[in-house]
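This report concerns only the one structure given below.
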Amino acid sequence: MYSEMNHRFRRGGGGLNPRSRLEDDDGDVSMSETQDTPKGRYTPYDRRRRRGENWHDRGRGGTSNMPFIVRRDPGHPDRAGVNVDPLRPWFRITIPHGKKYDKTWLLDSIQSVCTVPFTPVEFHHEQNRAMFYVKEASVAAALQQVSRKITDKDGYKLNVISVPSDLPKSIQKELKPEETVILKICMSKRYDGAQQAIDLKNIRNDPELLCHNIDLVLNRKNCMQTVLQIIEENIPELLSLNLSNNKLYRLDELTDLVRKAPNLKILNLSSNVLRSDRELDKVKGLKLEELWLDGNPLCDSFKDQSSYIRAVRVRFPILLRLDGHTLPPPIAFDVETPTTLPPCKGSYFASDDIKALVLRFLQQYYSVYDSEDRQGLLDAYHDGACCSLCIPTSTGNPARNSLGEYFKDNRNVKKLKNAAQRFRLLKHTRLNVVALLNELPKTLHDTNSFIVDICAQTNMLLSFVVHGIFKEVEENSRDEVRAFSRMFVAVPAGNAGLCIVNDQLFVRNATIEEIRKAFATPAPTPSSSPVPTLTATNQDLLQAFSLQSGMNLEWSQKCLQDNDWDFPRAAQIFTQLNAEGKIPEVAFMK
């Protein structure tokens, strides 16, 4: 169906030259109108080969094919008149670093905590901030109270800032109800019901709008929102949308198109002024099969055709046609029914011998690491060992970062570009390594949370990574729960032990789920005598239980004590928990 429709839509050839100057200034494009083609750049396709002037013309000029319902509301106030009570001003709400969050999640999270309902107006991003407007001081005050009451999945608390503001631009230029009615009629004449397609090409210069003095600039948020609202209410089954020749320089206002026209397959954005392929990220939720971008400056920014196609297909994996050209079939997994990832597996050890060696090493290492003095770790490192610390990149103020204690030693090479600083933060020799570890906050690790993976193994080298949870026990950060990943590279040492030659530690804030699970099972308290004074009978039971279960004496005693020294019941409970994988590895370290 689409190939036939494309043939009909492309009648007429021709079109405006995208490199000519814009015919008039709409007052909204905050950028230079100069569109000189950079020399040496690749132009994906010949500019003469684009959609015809009569795209979607079959449904224009006659009886409306669009099932519009036009409702006139004479009682509705004239929104263009800006009837704003000066005693109830507008406020701008800012969420620092809010750009990284999904809009729906962000607004729903704020509304769930806010004590009054609110309607966000003109939601947008400025740099890394999320911003919107609300009316009434009481609403703004309630939103201000939400600050730092919402925690994201990485444990960061959201700040919400409220300041008085002028009237938002979208409200100032909002369409009147009677103008919206005329726009509906205009769009109905541009709709092809047989193809479920609407042609909004150069709609600003539509004669019907011009004769009613309606200035429809789709770069304005209120104009685009009105168009999308009409689509949602009247033709949500829309398959094809033509927005060419509308001087669009950004796609922020099209983000709601994914929700309002979920079946959309064809989108024409040709002959606009889109300068970056990053604009496509704002509509990448669409399951497009055909896309037109020719005539936009962004097409000249790619060195060749393959990089152009690759950049577009990253956003639209099932795309079949680009600028009228058929693309190679996409490589994708066609999963019809919702699926979930299999549960995460536990530790991986290459063999039982390696397992025993690594678990014994970790027990000894972290018993010293969590002690008052980490100087005892000197024996664990090679003379020429090196060590580095890394925390996630953050654009926030280091002084206010909850990982501030680790910031000065952070060697995150994604952010740190200076070679001298990289070298300085890589600690060499075991004395410097242990000196760094002694400066880090005092900790208590949850050994039951440890997941160990063997990465490489030879007769002379062992590489493994440990993931787990710990909490800080110092006064200024007591009970702060962190997650860590630690890569050890070790060589054999005396007494069948390991000696560390390379140590890479990554620390981040624990997620809410990790915090919930942390220290759920109290870790055993190390003691020089794991077997306190017991009766002779209990000593015999303990030795027998340890032998049969394979657990060490400390955990065997715990199991027997929890079952009032009832050997058969303790054995039954052990068998059940062991089959369910609920007994930690540390219980079998002897």
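Just to make sure I understand: if all protein chains stay in place, what is the order of LYS517, LYS221 by accessible area at 1.4 Å, largest first?
Putting LYS517, LYS221 in descending order of accessible area: LYS517, LYS221.
Placing TRP90, TRP565 in order of accessible area, with the largest value first and a 1.4 Å probe, yields TRP565, TRP90. For the peptides 264-276, 414-426, 292-304, residues were scored by their other Cβ atoms within 10 Å and the scores averaged per peptide; the highest-first order is 264-276, 292-304, 414-426.
With all protein chains kept in place, the per residue accessible area of region 177-326 amounts to 33 square angstrom at a probe of 1.4 angstrom. Solvent-accessible surface (1.4 Å probe) assigned to THR575 amounts to roughly 90 Å². For region 470-484, backbone phi angles converted through the Karplus equation (6.51, -1.76, 1.60; θ = phi - 60°) give residue-by-residue couplings of 9, 10, 8, 10, 7, 4, 6, 9, 4, 6, 5, 9, 10, 10, 9 Hz, Gly and Pro being listed as x. Taking 31 Å as the limit for the C-alpha separation, the pairs LYS157/LYS415; LYS427/LYS582; LYS221/LYS265; LYS99/LYS247; LYS355/LYS517 exceed it in the case of LYS427/LYS582. Heavy-atom accessible area for ASP383, with the other protein chains in place and a 1.4 Å probe, reaches approximately 100 Å². Computed over protein heavy atoms with a 1.4 angstrom probe, the accessible surface ordering of VAL413, VAL217, largest first, is VAL413, VAL217.
Strictly over 21 Å apart at the Cα level, which of LYS103/LYS201; LYS189/LYS287; LYS201/LYS260 would you flag in this model? Cα-Cα > 21 Å for LYS103/LYS201; LYS189/LYS287; rest within. The residues of region 536-588 expose, per residue, 57 Å² of accessible area to a 1.4 Å probe.
Amide H to amide H distances under 5 Å link ALA385 with THR429, ARG430, where only residues 5 or more positions off or on other chains count and H is placed in the peptide plane.
Karplus-based coupling profile of region 408-413, in residue order and whole Hz: 5, 9, 6, 10, 7, 6, with θ = phi - 60° in 6.51 cos²θ - 1.76 cosθ + 1.60 and x standing for Gly or Pro.
With all protein chains in place and a 1.4 Å probe, the accessible surface of region 90-170 carries 51 percent carbon and sulfur. Distant-in-sequence amide contacts of SER449, defined by a placed amide H-H separation under 5 Å and a gap of 5 or more residues or a different chain, comprise ILE469. Would you mind classifying region 90-170 by shape? Square roots of the alpha carbon gyration tensor eigenvalues, ordered a ≥ b ≥ c; an a/c under 1.5 is rounded, otherwise it is prolate if a/b is larger than b/c and oblate if not. Cα axes put region 90-170 in the oblate bin. The mean accessible area for residues of region 90-170, using a 1.4 Å probe and ignoring ligands and nucleic acids, is 52 Å² per residue. Computed extension length for LYS176-GLU136: 12.2 nm, one decimal, from 0.36 nm per residue of separation with the Cα-Cα distance subtracted.
Summarising the amide proton neighbourhood of ASN272: residues at separation of 5 or more, or on other chains, whose placed amide H is nearer than 5 Å comprise ASN245, ASN296. Per-residue Karplus couplings for region 274-286, computed as 6.51 cos²θ - 1.76 cosθ + 1.60 with θ equal to phi - 60°, are listed in order as 6, 9, 9, 5, 5, 4, 5, 4, 6, 10, 6, x, 6 Hz, Gly and Pro entered as x. Residue ranges 469-478, 230-239 sort as 230-239, 469-478 when ordered by packing (mean number of other C-beta atoms within 10 Å per residue, highest first).
The values are calculated or read from the model by the stated rules, or taken from the named source; none is laboratory data. If you're wondering where the values come from, they're calculated on a predicted model, not measured in any experiment. Note that we place each Cβ from the backbone using ideal geometry, even for glycine, and neighbour counts take in every protein chain shown. Surface areas here come from the heavy atoms of the whole protein model, side chains and all, with no ligands, DNA or RNA. Shrake-Rupley method; radii C 1.70, N 1.55, O 1.52, S 1.80 Å.
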